[in-house]
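Before any comments, here is the structure.
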Amino acid sequence: MSLSRSPKTGTGSPWDGEFARYFGERAHSLRATAYLLCGDWHQAEDITQAALLKLYLAWPRLSRHDALDGYARKIVLRTFLSEHRRVWRKREKLTDEPPELPAETGGTEQEMLVRHALSGIAPKQRAVLVLRYFEDLSVEETASALGCSTGNVKSQGARGLATLRKRLGPHFSELALSGAHGDGR
């Protein structure tokens, strides 16, 4: 994502420098969160760019720049959920051959196992798990980021963890003991 200059004056907006600094400091972290949500680096890049564009457009209206991380994370989440709804509407065509699985890049075997298991969980449950256990947000912070109640976060989290346990099968206990989780590579 590049910051464009105004064609009339040749200079950018007054907030370009401030936004560029924020972009440089947080784009990698937001992309890592997007990756944990969608499981694909290219899609994570698209989600992050769309979210940062929305943030840039809202920048002059933001009064609390001390709360930008939570706001940016909320934009990433909503962009992911919106994108998933669009894909859901298109419906995939059924074939007699399974789809090709994307090649996993980076991370330990345990991290790749968790990311693969996470990719099969419903989007809202996945969002709760990523925010609670990878981003280390509280139940209240997660509810605020998702725009839902704390009870919803707790129930979605419990369902997501149950599904994750099933998907990981016998690997769950060894992962729980080692405390393995993704590091946003």
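Bear in mind that the values in this text are calculations on the coordinates, not laboratory data. This is a predicted model, so every value here is computed, not measured. FYI the Cβ positions are ideal-geometry reconstructions off the backbone, even for glycines, and counts take in every protein chain you see.
Projected label points at GLN49 and ASP69, each 7 Å from Cα along the beta carbon direction, are separated by 2.6 nanometres. Average projection, convex hull of the Cα set of the stretch 12-94: 6.2 square nanometres.
In sequence order, the stretch 118-132 has phi-based couplings of 5, 5, x, 9, 3, x, 5, 5, 4, 4, 4, 5, 5, 5, 6 Hz under the Karplus curve 6.51 cos²θ - 1.76 cosθ + 1.60, θ = phi - 60°, and Gly or Pro positions carry x. Taken as Cα centroids, the stretch 112-135 and the stretch 36-84 sit 17 Å apart, rounded to the nearest whole angstrom. Label point of ALA58 set 7 angstrom out along Cα-Cβ; within the stretch 125-164, amide nitrogens under 16 Å from it belong to 142-148. Once backbone amide H atoms are built at 1.01 Å from N, CYS148 has no partners under 5 Å, excluding neighbours fewer than 5 places away on the same chain.
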